[in-house]
1. State whether the residues of segment B:203-210 include one that is assigned to a helix (DSSP H, G or I) and either among the polar types (S, T, N, Q) or over 25 Å from A:PRO163 (Cβ atoms) (or both).
2. Out of B:LEU189, B:LEU185, B:LEU197, B:LEU221, which single residue is more than 7 Å from every other protein chain (Cβ to nearest Cβ), part of a helix (DSSP H, G or I) and over 22 Å from A:ARG173 (Cα atoms)?
3. Of all residues in segment B:43-68 being crowded, with 19+ Cβ neighbours inside 10 Å, outside any loop (DSSP other than H, G, I, E, B) and within 13 Å of DNA strand D (Cβ to nearest atom), which is farthest from the other protein chains (Cβ to nearest Cβ)?
4. Could you check B:GLY210 against (1) at the interface with another protein chain (Cβ under 7 Å from one of its Cβ atoms); (2) touching a residue at least 12 places away in the same chain (Cβ under 8 Å) and say which number it fails?
5. Of these, B:LEU118, B:LEU144, B:LEU134, which one is at pLDDT 85 or above, under 17 Å from the mean Cα position of the chain (by Cα) and more than 16 Å from B:ILE190 (Cβ to Cβ)?
6. Looking at B:GLU14, B:GLU8 in this structure, which one is more than 14 Å from chain A (Cβ to nearest Cβ), modelled with pLDDT under 90 and within 16 Å of DNA strand C (Cβ to nearest atom)?
7. Which of the numbered conditions does A:ARG173 fail, given that it passes all the others? Conditions: (1) more than 10 Å from chain B (Cβ to nearest Cβ); (2) touching a helix residue (DSSP H, G or I) at 6+ places or on another chain (Cβ under 9 Å); (3) not polar (S, T, N, Q).
8. Of the residues that make up segment A:53-71, is at least one without any contact (Cβ under 8 Å) to a residue 40 or more places away in the chain and away from DNA strand C (no atom under 16 Å from the Cβ)?
There are 2 protein chains.
Amino acid sequence: MPATPASEPSTMRERYRAQVRAEVKQVALRQLAESGPAGLSVSAIGKQLGVSGPALYRYFAGRDELLTELVIDAYNDLADALSAAISHAPGQEPPARLEAMARGYRSWALAEPHRYRLLFGPPLPGYDAHAERLVAASQAAMNLLIGTLRELGNRPPAPSSPPLTSQLTAWARAHAFDVDPAIALRAILIWSRLHGLVSLEIAGNFASMGLDPDEVFEAQLPALTA
Amino acid sequence: MPATPASEPSTMRERYRAQVRAEVKQVALRQLAESGPAGLSVSAIGKQLGVSGPALYRYFAGRDELLTELVIDAYNDLADALSAAISHAPGQEPPARLEAMARGYRSWALAEPHRYRLLFGPPLPGYDAHAERLVAASQAAMNLLIGTLRELGNRPPAPSSPPLTSQLTAWARAHAFDVDPAIALRAILIWSRLHGLVSLEIAGNFASMGLDPDEVFEAQLPALTA
DNA sequence: TATTTTTCGTTAGAGGATATAACAAGAGCA
DNA sequence: TGCTCTTGTTATATCCTCTAACGAAAAATA
């Protein structure tokens, strides 16, 4: 769905190719939602597209490449959603922006749980979730989080461990922004808390305890910005 | 591995049956560690046991029942690990016990990531992770957490939302302990934070950022008991 | 326009999975 | 000894991914 608006394909063939690839991905997403990543079947996609199985191997090297493509699209989509959430925050004060981002994160995950799981769930069997392309694609979302935190101003205490401090600065530097290690650490902790809540909610754990996930989330939210 | 020490099997046959089931599970765990839940193959287990595929269907109704069994074992094992961690806490002060439990939780997850994922990772395709047996099995671990928190004494502020308060008390009552809703909420939040950190670590996210997961965890730990 | 080259979709098939069915061989018990 | 119930075996149906070889269609070239 998030079409890369890069250089538009020139020749007719390439345009056709791109369109077929897009259609395949779309069907794949539907299938993913229904049967999870393990149920993603090239044959079935072909059947649903009115084309016979192996035809799709002209467009994707195999099941894994298709998955990778879906993961990258999902990262981009998540970053877009966060960005939109931040900029539509009611009142543009930094704390409000952070809260809006947290809600946006959760909303995206709830709207597309299968895609969220694709990003942050357990790695699939033979699949390397930390390949270079993927790490790069995940960057945009993290940048938004750090940017929002930096605006927040009230800097948290520096991490007490020297090695961690230097690891954090190295990480920040590698991503081309120059940021206080304390803020970087805080970003990571906020992310991990968000992920903890959201992934438990998606897995249905709160519901199976008879708790309203909305309430649980809102109860946790103040602790994030504090 | 965590043999249910319930009623020992009486007849010879039953004893043999139980032993075969145990062996199958053991091989299944090895396979799980290597190829993930999706790679769990009844045929392969049979081959590794020197027996031909369909033979195992005499012992397990199918792949799913085998998985369920593994999940239940894992819950029990986790609860044992937490219990041991708590009772071996250095100094028996409540805060130390809570920290010890958190470390125990992480240690267990790191020692057996595939089993941790089995419990708290995304649900498998056609598999109902909230079946009654499973929810019951998960109880023990949560009870340990709540028990430790209750000892802590310094009660947190009550949840501000009335519906959440009543949901929490209902949940606590259903599990046969009578506990302040504020403490129940806190237990859930602590659990979610622990899960957030641990699951990101297991997925390799910290490592791929160049951060030492030990350091990240220790940096977060004080915020849990506070 | 006519020919050559590239791309596409098809079937066939190898290899592997879950799971069922039908059958042979064994263990336990009267 | 003979009967029954349990176990493990093969054979089979049906699904999957992915490769190979073959027509057919479309694009590029002369």
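The values are calculated or read from the model by the stated rules, or taken from the named source; none is laboratory data. Bear in mind that the values here come from a model prediction, so they are computed numbers and not experimental data. In this analysis, Cβ positions are derived from the backbone assuming ideal geometry, glycine residues included, and neighbour counts consider all displayed protein chains.
1. Going through segment B:203-210, the residues assigned to a helix (DSSP H, G or I) turn out to be B:207-209.
Among the residues that remain, those that are also either among the polar types (S, T, N, Q) or over 25 Å from A:PRO163 (Cβ atoms) (or both) are: B:208.
Among the residues of segment B:203-210, at least one is assigned to a helix (DSSP H, G or I) and either among the polar types (S, T, N, Q) or over 25 Å from A:PRO163 (Cβ atoms) (or both), which makes the answer yes.
2. Details: B:LEU189 fails: more than 7 Å from every other protein chain (Cβ to nearest Cβ); B:LEU185 fails: more than 7 Å from every other protein chain (Cβ to nearest Cβ); B:LEU197 fails: more than 7 Å from every other protein chain (Cβ to nearest Cβ).
Residue meeting the stated conditions: B:LEU221.
3. Top of the filtered list is B:LEU56.
4. (2)
5. Details: B:LEU144 fails: more than 16 Å from B:ILE190 (Cβ to Cβ); B:LEU134 fails: at pLDDT 85 or above.
Every option except B:LEU118 fails the conditions.
6. Details: B:GLU8 fails: within 16 Å of DNA strand C (Cβ to nearest atom).
After applying the criteria, what remains is B:GLU14.
7. Looking at each condition in turn, A:ARG173 falls short on (2).
8. Initial filter on segment A:53-71 (without any contact (Cβ under 8 Å) to a residue 40 or more places away in the chain): A:53-58, A:60-63, A:65.
Right, trim to away from DNA strand C (no atom under 16 Å from the Cβ) and you get none.
Scanning segment A:53-71 turns up no residue that is without any contact (Cβ under 8 Å) to a residue 40 or more places away in the chain and away from DNA strand C (no atom under 16 Å from the Cβ).
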